[in-house]
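The values are calculated or read from the model by the stated rules, or taken from the named source; none is laboratory data. Remember, predicted model here, so these are calculated numbers, not experimental data. Glycine also receives a Cβ, built like all others from the backbone with ideal geometry; neighbour counts cover every protein chain displayed.
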Amino acid sequence: MARIPSIYPHVWRVPLLIWQGLFFVGPLILMVAMSFWLVRNYRMEPDFVLANWERMLTRDYFWSAYQVTFLRASLAAALASLFAFPASYALAFKVSATARRWAIFFLIVPFFTSYLVRVYAWQVLLAESGPVNAVIGFAGMGPFTMLNSGFGAMVGYLTLVMPLVVILQTFSLAAIDRNLIEAAWNLGASPRRTLVRVIVPAARVGLILGAVFAFILSFGDFVSPFYLGGSKPPTLSILIIDTTKSGQQWPRAAVVAVMMILTLFTVAFAAVGAAYRRKA
Amino acid sequence: MTGAAPLVRFSQVRKSYGAIEAVRGIDLDIGRGEFVAIMGPSGCGKTTTLRMLAGLEIPTAGTITIDGRVTNRLPAHERDTPLVWQSLALFPFLDVAQNVEFGLKMRDVPRAERQARVALWLERLGLEGFEHRPIDQLSGGQKQRVALARSLITEPEMLLLDEPLSALDAHLVVRMQGVLTRLQKELGITFVYVTHSQSEAFAMSDRVVIMGHGEIVQIGRPREIFRAPRNRFVAEFVGHNNILSGTVTQGEIDVDGVRLPLAGVSDGPAEIVVAADRMEIYGSPPSSPALKAAFVSEEFAGAGVICHFEGPGDLELRAQVPEARLAELSPEPGKPFWLAWAADSPHVLTHREGRT
């Protein structure tokens, strides 16, 4: 009798393990392996050569793309967290529970439409003859070039990540025990100091997770830098596309992809560590 | 209350939330160095009263004066009225010392002084060596003491406590009561203690304020509240009381046909209270008149045993007897007993003269 229930809970893990094995671990191993393959006459041959790694990691264009991608993703994470916070704060503390539910619903709605469609919409809005420049024109300024620039790419990143960051921040702020906030006032903390000393530390996990998601999504995104950023300077995702297009260099693209995954693992690991770290 | 100006004065204070009136015009003075317990059933307005004192609620009408100054709208963080929450509300992301230090930090006290005072208060509350413990690694009693140290470190003139012991185990409650009364005497500051527990209120406070339905029903020393409840609400809330009604004639009250002694009350209908510890129990009919009642159950109450009886006309009766006496009586459910009291034991709740 005692043995049957001990196996039972493990049964439920099997489908997940199979799924992860087939669609995550398998392709990952294949990609790592591929980064050591050889391309001859536009065909890949399984091999074990370090040429692809040597080639990519010694080129300045790889490292400048890496730098651009990392900085943009960090900036997107910082800006998204910063812009989202007042909205999340208002949703968590200033509105009724009903209003909050509706707001969460409307934050999910953007995910109904393809991100690509939303980015195309920005192409129209931000064009030199577009409505945004028309409004600025009324104020006697512009027109500004907003597309095919770092600014354009950033607009795209924020379009992608803001709703999610607001949702994560709102949940973590709304979950704070209200007594902690009152206790801070009661002990002499002004509303501003309560925010810094109590509300932000109490919501730390959600705030960090929001920023991490923003970083991860922006880091791997190719739609915004391609359609709004004009591919210049190239990000790592664009570098992958370019590399595969030119001479079927899948193994070199695999090197870039492996580097991206290593970066994301490191960032996610460090961030989750920071989120759950105990203060000494 | 020695005639000096009170530390706190509530006058005609009201608080409503929309149509709901939580507090309906209370008047209350609290003296310096006094231990006042505000007691009442849930929803009686006691916590709202305390929160108004802390500035966490703004009165709808009336004035609250602290130290001679009207403070109705003074923001909570500009007062020095620390509150100990029922949930304690310790900051989980800070350690023990950082929690205790919080109030001083908010008042921009220099670091060296903060550390010295934290050390002093941790020692005072027996928390030495726990400075860098995370909050979730403390026992219930330790958390309680951290909350007290955190509130008292700014050396306020008054400490507010909102049912702080209700989450503790029974043996800890008694110990913490000792800690609280000792602290209050040592510091000589005012404690305003909200509770629904009669034993906590009676054990610690100088004065008890009984609230019901948003109003103050009675204010008095614990003994007065217990022996001389003002009305049926207080008598029922205080517990271990017998509430009886009957007609008084010639120094006796007629309860269901039994004439029992009642000194110093003129003729007329009356409602009286007899405390359980003033009830006499007899195993056989005594020579003097007594109420015949069937034993229902017993309840151990530390100093003695509270016996529950059912008297004539479904009347609920209680009597407190020492444990040894209970063994002599050997009660069983349904077994008849006779209950009576001395002429000066009853307290008269209501009395109308004349008309029978």
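Checking A:Y8 against (1) without any contact (Cβ under 8 Å) to a residue 40 or more places away in the chain; (2) surrounded by 10 or more Cβ atoms within 10 Å (Cβ to Cβ); (3) not aliphatic (A, V, I, L, M): exactly one of these is not met. Which one?
(2) is the only condition that A:Y8 fails.
Among the residues of the range B:138-164 satisfying the criterion of being of a type in the set (S, T, N, Q) and facing chain A (nearest Cβ under 10 Å), which is surrounded by the fewest Cβ atoms within 10 Å (Cβ to Cβ)?
Taking the candidates together, the pick is B:T154.
May I ask you to list the residues in the range B:91-117 that are more than 8 Å from chain A (Cβ to nearest Cβ), crowded, with 20+ Cβ neighbours inside 10 Å and not small (G, A, S)?
B:V96, B:N99, B:V100, B:E101, B:L104, B:R114
Are any residues in the range B:204-229 touching a residue at least 24 places away in the same chain (Cβ under 8 Å) and assigned to a loop (DSSP other than H, G, I, E, B), and if so, which ones?
Result: B:S205, B:D206, B:H213, B:G214, B:A228, B:P229.
What tally of residues in the range B:296-322 results from selecting those that are small (G, A, S) and surrounded by 15 or more Cβ atoms within 10 Å (Cβ to Cβ)?
Residues flagged as small (G, A, S) and surrounded by 15 or more Cβ atoms within 10 Å (Cβ to Cβ) within the range B:296-322 amount to 3.
Quick one: in the range B:230-242, of everything that is part of a helix (DSSP H, G or I) and in contact with a helix residue (DSSP H, G or I) (Cβ under 7 Å, 6 or more places away or on another chain), which residue is nearest to B:G304 (Cα to Cα)?
Let us first name the residues in the range B:230-242 that are part of a helix (DSSP H, G or I), namely B:232-238.
Subsequent filtering for residues that are in contact with a helix residue (DSSP H, G or I) (Cβ under 7 Å, 6 or more places away or on another chain) retains B:234, B:238.
Numbers: B:V234: 23, B:V238: 17 Å.
Going through the qualifying residues, I end up with B:V238.
Hey, does the range B:7-22 have a residue that's closer than 25 Å to B:L125 by Cβ and outside any strand (DSSP E or B)?
So far as the range B:7-22 goes, yes, one or more of its residues are closer than 25 Å to B:L125 by Cβ and outside any strand (DSSP E or B).
Mind telling me which of the residues A:A211, A:A253 ends up being closer than 30 Å to A:N148 by Cβ, at pLDDT 95 or above and away from every other protein chain (no Cβ under 14 Å)? Talk me through it step by step, then tell me what you get.
On the way: A:A253 fails: at pLDDT 95 or above.
Answer to the selection: A:A211.
Somewhere in the range B:259-282, is a residue within 11 Å of B:L339 (Cβ to Cβ), among the aliphatic types (A, V, I, L, M) and in contact with a helix residue (DSSP H, G or I) (Cβ under 7 Å, 6 or more places away or on another chain)?
Yes.
Condition (residue is surrounded by fewer than 16 Cβ atoms within 10 Å (Cβ to Cβ), within 26 Å of the chain's Cα centre (by Cα), outside any helix (DSSP H, G or I) and in contact (Cβ under 8 Å) with a residue 24 or more places away in the chain) applied to the range B:347-354: is it met by at least one residue?
Yes, the range B:347-354 contains at least one residue that is surrounded by fewer than 16 Cβ atoms within 10 Å (Cβ to Cβ), within 26 Å of the chain's Cα centre (by Cα), outside any helix (DSSP H, G or I) and in contact (Cβ under 8 Å) with a residue 24 or more places away in the chain.
Residues checked against (1) over 15 Å from B:E157 (Cβ atoms); (2) surrounded by fewer than 19 Cβ atoms within 10 Å (Cβ to Cβ):
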| site | (1), (2) |
| --- | --- |
| B:A5 | no, yes |
| B:S11 | yes, yes |
| B:G18 | yes, yes |
| B:E21 | yes, yes |
| B:G33 | no, yes |
| B:G45 | yes, no |
| B:T49 | yes, no |
| B:W85 | yes, no |
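So, in the range B:240-298, of the ones that are acidic (D, E) and farther than 17 Å from B:Q320 by Cα, which residue ends up nearest to the chain's Cα centre (by Cα)?
So the residue we want is B:E271.
When the residues of the range B:29-81 are narrowed to those that are touching a helix residue (DSSP H, G or I) at 6+ places or on another chain (Cβ under 8 Å) and assigned to a strand (DSSP E or B), which ends up nearest to B:P229 (Cα to Cα)?
B:M39
Quick check on this structure: which one of B:P164, B:P134 is of a type outside the set (A, V, I, L, M, F, W, C) and over 24 Å from B:K46 (Cα atoms)?
So the residue among B:P164, B:P134 that is of a type outside the set (A, V, I, L, M, F, W, C) and over 24 Å from B:K46 (Cα atoms) is B:P134.
Report whether or not B:L120 is over 24 Å from B:T195 (Cβ atoms), in a helix (DSSP H, G or I) and more than 8 Å from chain A (Cβ to nearest Cβ).
yes
Go through the range A:218-237 and count every residue that is in a helix (DSSP H, G or I) and either at pLDDT below 90 or buried (at least 20 other Cβ atoms within 10 Å of the Cβ) (or both).
Summing the residues that are in a helix (DSSP H, G or I) and either at pLDDT below 90 or buried (at least 20 other Cβ atoms within 10 Å of the Cβ) (or both) in the range A:218-237 gives 8.
Show the residue pairs meeting these rules: Cβ distance below 8 Å; 6+ apart or different chains; first residue within the range A:18-47 and assigned to a strand (DSSP E or B); second residue among the aromatic types (F, W, Y).
As it stands, the answer is A:V39/A:W250; A:M44/A:W37; A:M44/A:W250; A:E45/A:W37, since those pairs meet every condition given.
So A:S190 fits all but one of (1) closer than 21 Å to A:A80 by Cα; (2) within 14 Å of chain B (Cβ to nearest Cβ); what number is the exception?
Just one mismatch for A:S190, condition (1).
Got a sec? Which of A:A84, A:A65, A:A90 is of a type in the set (G, A, S) and either under 28 Å from A:L239 (Cβ atoms) or loosely packed, with under 14 Cβ neighbours inside 10 Å (or both)?
After ruling out the rest, the residue left standing is A:A65.
Quick one: A:A183 ticks every box in (1) surrounded by fewer than 22 Cβ atoms within 10 Å (Cβ to Cβ); (2) in a helix (DSSP H, G or I); (3) within 14 Å of chain B (Cβ to nearest Cβ) except a single one, so which number is it?
Here A:A183 clears every test but (1).
For B:L83, are the conditions met, namely being within 23 Å of B:M176 (Cα to Cα), modelled with pLDDT of 95 or more and within 12 Å of chain A (Cβ to nearest Cβ)? Steps first, please.
Details: within 23 Å of B:M176 (Cα to Cα): yes; modelled with pLDDT of 95 or more: yes; within 12 Å of chain A (Cβ to nearest Cβ): yes.
When the stated conditions are applied, B:L83 passes them.
Is it the case that some residue within the range A:169-176 is part of a helix (DSSP H, G or I) and at the interface with chain B (Cβ under 10 Å from one of its Cβ atoms)?
no
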